[in-house]
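*Asks:* One structure coming up, written as structure tokens, with questions to follow.
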Amino acid sequence: MGIVKIDDVLHEDIRRASAVMCRSINAQAEFWMKIGMLAETNPTLSFNEIIKAQLAAVPADLPRLSIA
């Protein structure tokens, strides 16, 4: 594990987002970095497509929502 220096304003944005998303500050920053990296390496995919692909790669029994 290393230390990453980030701007104070970005740190505050991460702190606020982590509270909304029920993640630690570090987990929120890691999520944003991972999604950003995936978006840069897969520029034709939308955010939702990236999330769907990441969920499909995890062997978990997640509930499915049906839209009425």
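The values are calculated or read from the model by the stated rules, or taken from the named source; none is laboratory data. What you see is a predicted model; the values in this text were computed from it and never measured. Heads up, the Cβs are rebuilt from the backbone with ideal geometry, glycines too, and the neighbour counts pull from every protein chain shown. Just the protein is used for accessible areas: all its heavy atoms, side chains included, with ligands, DNA and RNA removed. Shrake-Rupley method; radii C 1.70, N 1.55, O 1.52, S 1.80 Å.
*Asks:* Rounded to the nearest 0.05, what FRET efficiency do Val9 and Glu30 have when you use their Cβ-Cβ distance and R0 = 25 Å? If you can, show how the numbers build up before the last one.
*Replies:* Working: r = 19 Å, r/R0 = 0.75.
After rounding, the FRET efficiency stands at 0.85.
*Asks:* Next question. Please report the carbon-and-sulfur percent of the accessible area for the chain; probe 1.4 Å, protein heavy atoms only, DNA, RNA and ligands left out.
*Replies:* On the way: 3830 of 6230 Å².
Summing carbon and sulfur atoms, their accessible area is 61 percent of the total for the chain.
*Asks:* Between Ala57 and Asn42, 0.36 nm times their residue separation minus their Cα-Cα distance comes to what?
*Replies:* On the way: separation 15, 0.36 × 15 = 5.40 nm, distance 1.58 nm.
Working it through step by step, the gained length comes to 3.8 nm.
*Asks:* Compare Ala53, Ala39, Ala29 in a GNM of the chain, Cα atoms joined below 10 Å, and give the one with the largest fluctuation.
*Replies:* Largest GNM mean-square fluctuation: Ala53.
*Asks:* Here is a follow-up. Give me the accessible area per residue for the chain, probe 1.4 Å, as a whole number in Å².
*Replies:* Values: 6230 Å² over 68 residues.
Solvent-accessible surface per residue comes out at 92 Å².
*Asks:* Roughly how many debye, to the nearest 20, is the charge dipole of the chain about its Cα centre, given +1 on each Lys and Arg Cβ, -1 on each Asp and Glu Cβ, and no other charges?
*Replies:* Details: 7 positive and 8 negative charges, 41 e Å.
For this selection, approximately 200 debye.
*Asks:* Rounded to a whole number of µm²/s, how large is the Stokes-Einstein D of the chain at 20 °C and 1.002 mPa s, given Rh as the Kirkwood radius over C-alpha pairs?
*Replies:* Numbers: Rh = 14.1 Å.
Here the translational diffusion coefficient equals 153 µm²/s.
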